[in-house]
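Nothing in this text is a laboratory measurement; each read-out follows from the coordinates by a stated rule. Owing to the predicted nature of the structure, the values given are computational and were not obtained by experimental measurement. Methodologically, a virtual Cβ is constructed for each residue, glycine included, from the backbone with ideal geometry; neighbour enumeration extends over all protein chains shown.
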Amino acid sequence: MKRCPECGRDYNDDSMSFCLDDGAELLFGPKSFDEPQTAILHSTAAPGEAPTRAQIHTTEQTAVFPSGAEAEPRESLGGMPEKQGFSANRAAKPLFAVLAVLIVAGIGFAIYKFASGKQSGPELSFDSMKITKLTDNGKAGSAAISPDGKYVVHVKEDGQQSLWVRHIATGSNVQIIPPAELVYGRMTFSPDGSYIYFIRRGIGEPNYVLYQVPVLGGDPKKLNSHVNSPVTFSPDGQRIAFVRTQVGERTMIIANADGTGEQPLATTNGPNGFRETGPAWSPDGKVIATGLANNDGSGSYQNIVAINVEDGSITPIGPQKWSNVSRVAWLADGRGLITACSELGTLTNQVYQFSYPDGEGRKITNDFNVYYDLSLTADSASMVTVQEERVVNIWIAPDGTAGSLKHVTRGPNKYEGQFGLRWTPDGKIVYNLLSGISPSVWIMDGDGSNPRQLTQTRGANLVVSPDGRYIVFVENQSIWRMDIDGGNPKQLTEKGSFPDISPDGRWVVYEISNPGENGLWKVSIDGGEPVRLTDYSSGRAAVSPDGKSIAFSYREQQNSPLKIAIIPFEGGQPTKSLEAPAGYNAVRLITSTAEGRVLRWLPDGRSLAYIVTRDGVSNIWSMPIDGGAPKQLTNFTTDQIASFDLSRDGKPTLFSRGSTSKDVVLISGFGK
C-alpha cells in the first residue's frame, strides 16, 4: 500500500507514483501512520449487508469530507515543518532527504496540473460535502430525486427491470412497478412531487414510450409513444421538453405536460446532435440546456449548449469539449448547472458544476468510479446520481472451457483488456490497461508474467498483425501502427477506430463515424491514401481468414434493429445479412455497449464468434454465416465479457471479464 504524505489518501495500486489529489509523491508505508482526517461512512444498508468499497479511505458508507484545515506543523530536523501525520522515524531523516521528497513532489504536482488541463477550473470547497449510499445491491439503474428531497425513484436491474421509490429519511423502499422484460430510461419528478415521469421500451425496440405514474404507485398512464430522452419541466410545470430521434435528425420537442400539443424547438441533423441523456429547462424559462454531440473535422466530441426557447437558437455554454456529457441539471438560482462528463481521451464520468453563461467548470467528484444520471432538489441542496464501480480483469481458459478458466491479472481500479486484447503468434498477450485517466497498450507473457507498458498515451481497439510484427491501435480517434515491442510508432490515418488486419498483413480495415465519411475504410499497413469500402452506417469489421470477406455490424436505418452483414473485401453492399442474435451488444461493463459488438471469424471461415449477454452473464457463441443455428461455445455462470480472442484452433481462450456494481448515492454540501 502507498500513502500520500500530504493529504493522507491511501492507494492500493503500488504502480502509482503521485497522488491524484495534490500531486505529492506517494510513499510506501504500513497503516501505523498517524491517521489524518478521512472520509467517514455511515451505512444505510439493511442489517447484514456488506458495505461496498469506496475509492476513498472509508469505514462505513456515508462519505463526510472533513474541513480543509491541516494539522498544525511541528518542527523536524533542520527546522523544516513536518505534518503530524508523519511518524517519528520519518522526522529523523536528514534534511537533504526531505528536500528531495519536496522537489519530486513539486515536479509531480506540476505534471498533474499540466495533465489535468484547465477544464476543471477553481476547486469547490468540500468542507461539508457528504456522499450517502441509498442502495447497496449493485443493481441500480436510473434515479431521480423529488423536488422536496424526500423521495428517490430508481430502477432495479435484476434480470428483469422494476421501479422502486425510497423514502430517504426512513430508508423505506417500495416497489411501484413490478419486474418485466422491459428497458427503463431516465426519470423525472413533476414539479409538485406528485408524479413520476419515466420512459421505457420493449427489448429490441428503438424508441421509448413516456409514462406518468403517482409517486407511491398506481396504474401508469401513457403520455407519448415516441420519446428518446427523459423529460424536463418548464418552471411553471405546464410544459415538458424532450429529445426525439428520427432518421438523420434529432429534435428538441416542447409539449404540454400531458404529452399533447407538440412543437419542435430545434433540430440537429446527421449522426451527431442533441444527446438523449436528458435536457434541463432553466429556472427563468428562457433556455433549455443539453449535451450536444459534435464533430469539428479533427474528431468527435460533446459539449453543453443552451437552446433559446423563443427562437431555437443554439449557444455553447463554455468552450470545453468532452468525451461524454450526461444528464444536465440547473442550480436553483439559474447561475450554474451540474452534469457528469468525462474529459477528452478519458473514460470515467465525474460530476462537474458549471457557471452560466460562461461555462467555467469545477469538479465535484474525483475518483475512479463512473457517475451518470443525476438530478437535483428544488433548492439545489442535494443531488442523486448513480455511482458505478467496475472491475475488469484478464482471464485465460487454455482448453476453452469454464473448468480451465483462471485469472491472469487481478487489479483493483484497473480496466484490463476492456478495450481490446489479442494473442500474439508466439503466445503473448497484448492488451490495454486503464489505471487512471486513459488506457495504454501493454504486453505480457501468456501466464500474466512480465507485463510491460508499450505506450504512454491512449491506446485502444488494438489488433496484432498475423506475422506478429506489428500492433495496430487507436489513439486520439486515429489509426496507428507500432512494432510489437512498442517501437517506431507510425500514424496511418487521420480518423478511424476499431481496426482489423487482413490475413496477408497488407491492409488495415477500420470504421469512421464522422458525417459524410460514415462507413468502413481500408488503408495500407504502411500508410497511404485510405480507400472507402461502404457508404452506409457500418462498424466493428472483422476480415475473414481467407481475406475475401468482411463481417461487420450495421443498421439499415438509424432506428432499425442491429444486424450482422458480410461484404466482399473490395467493399460494396452486403452479400449476406444476418439478424443479430438475442443478447448481442448487451455488455454493460461500460456506459456505451459498443465494445460488446466484437466479432471474430472461426478458422474455417464458416462461422462468426461473438459475445452474448443474458441476465448479466456473458458467454461466447458462434453463428454459421449460412444461417444455421447458433452454438454456445462457453458456459460461464458469472460476470460479463468485454472482449475476447480465439486460439489458432478456434477456441475462445482469452477474455476480458468483470462485473459492474451500480448504486444510487445522495450528494449534499457540494456548494461553494
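What does the charge count around residue 205 come to, taking other residues whose C-beta lies under 14 Å from its C-beta (Lys +1, Arg +1, Asp -1, Glu -1)? Intermediate results must be reported in sequence, preceding the final value.
Values: positive: 200, 201, 555; negative: 181.
Summing Lys/Arg as +1 and Asp/Glu as -1 gives +2.
For the ranges 178-185, 499-506, 570-577, what's the packing order if you count other beta-carbon atoms within 10 Å of each residue, average per peptide, and put the highest first?
Numbers: 178-185: 15.4, 499-506: 18.2, 570-577: 13.2.
Order by mean packing, descending: 499-506, 178-185, 570-577.
How large is the translational diffusion coefficient of the stretch 190-236 in µm² per second when you combine the Kirkwood radius over alpha carbon pairs with Stokes-Einstein at 25 °C and 0.890 mPa s?
On the way: Rh = 11.5 Å.
In µm²/s, the coefficient rounds to 214.
Hey, can you grab everything whose amide H is under 5 Å from the amide H of residue 364? Only 5+ residues off in sequence or another chain; H modelled, so Pro and N-termini drop out.
HN-HN under 5 Å from residue 364: 351, 352, 353.
Give the peptides 623-630, 237-244 in descending order of average Cβ contacts within 10 Å, highest first.
237-244, 623-630
Could you give the nm distance between label points at residue 488 and residue 560, where each point is 7 Å from its Cα heading toward the beta carbon?
So the label points at residue 488 and residue 560 sit 4.4 nm apart.
What GluC sites (Glu not before Pro) in the stretch 373-429 are in a loop by DSSP, with at most 10 other Cβ atoms within 10 Å of the Cβ? Let's see the in-between values first.
Working: sites: 388, 389, 416; in loops: none.
Qualifying residues, ordered by number: none.
Of the listed pairs 495/576; 139/222; 522/548; 548/651; 495/631; 548/576, which have alpha-carbon separations greater than 24 Å here? Show your work: numbers first, answer last.
Working: 495/576 28 Å; 139/222 26 Å; 522/548 14 Å; 548/651 22 Å; 495/631 36 Å; 548/576 14 Å.
From the list (495/576; 139/222; 522/548; 548/651; 495/631; 548/576), the Cα-Cα distance tops 24 Å for 495/576; 139/222; 495/631.
Assuming a viscosity of 1.306 mPa s and a temperature of 10 °C, what translational diffusion coefficient in µm² per second does Stokes-Einstein assign to the stretch 324-473, Rh being the Kirkwood radius over Cα pairs?
On the way: Rh = 17.7 Å.
Estimated via Stokes-Einstein, D reaches 90 µm²/s.
Going by how many other beta carbons lie within 10 Å of each one, how would you line up 654, 562, fewest first?
Numbers: 654 23, 562 16.
In order of increasing Cβ crowding within 10 Å: 562, 654.
Whole-Hz Karplus ³J(HN,Hα) for the stretch 153-161, in order, using 6.51 cos²θ - 1.76 cosθ + 1.60 and θ = phi - 60°, x for Gly and Pro?
Each residue's phi maps through the Karplus curve to give 9, 8, 8, 10, 9, 9, x, 8, 10 Hz.
So which GluC sites (Glu not before Pro) in the stretch 292-387 end up in coil per DSSP with only 10 or fewer other C-beta atoms within 10 Å?
Numbers: sites: 310, 343, 360; in loops: 310, 360.
Qualifying residues, ordered by number: 310.
Let me spell out the model: positive unit charges on the Cβ of Lys and Arg, negative unit charges on the Cβ of Asp and Glu, origin at the Cα centre of the stretch 600-672. What dipole size does that give, in debye rounded to 20? All intermediate terms of the calculation are to be shown ahead of the outcome.
Values: 9 positive and 7 negative charges, 32 e Å.
The dipole magnitude comes to about 160 debye.
What list of ³J(HN,Hα) values in whole Hz, one per residue of the stretch 617-634 in order, does the Karplus curve 6.51 cos²θ - 1.76 cosθ + 1.60 (θ = phi - 60°) give from phi, with Gly and Pro shown as x?
Working through the residues one at a time gives 10, 9, 9, 9, 10, 10, 9, x, 6, 8, x, x, 6, x, 10, 7, 9, 10 Hz.
What are the ³J(HN,Hα) values, in whole Hz, obtained from phi via the Karplus relation 6.51 cos²θ - 1.76 cosθ + 1.60 with θ = phi - 60°, for each residue of the stretch 482-499 in sequence order, with x given for Gly and Pro?
Couplings: 9, 5, 4, 9, x, x, 6, x, 9, 7, 9, 9, 7, 9, x, 7, 6, x Hz.
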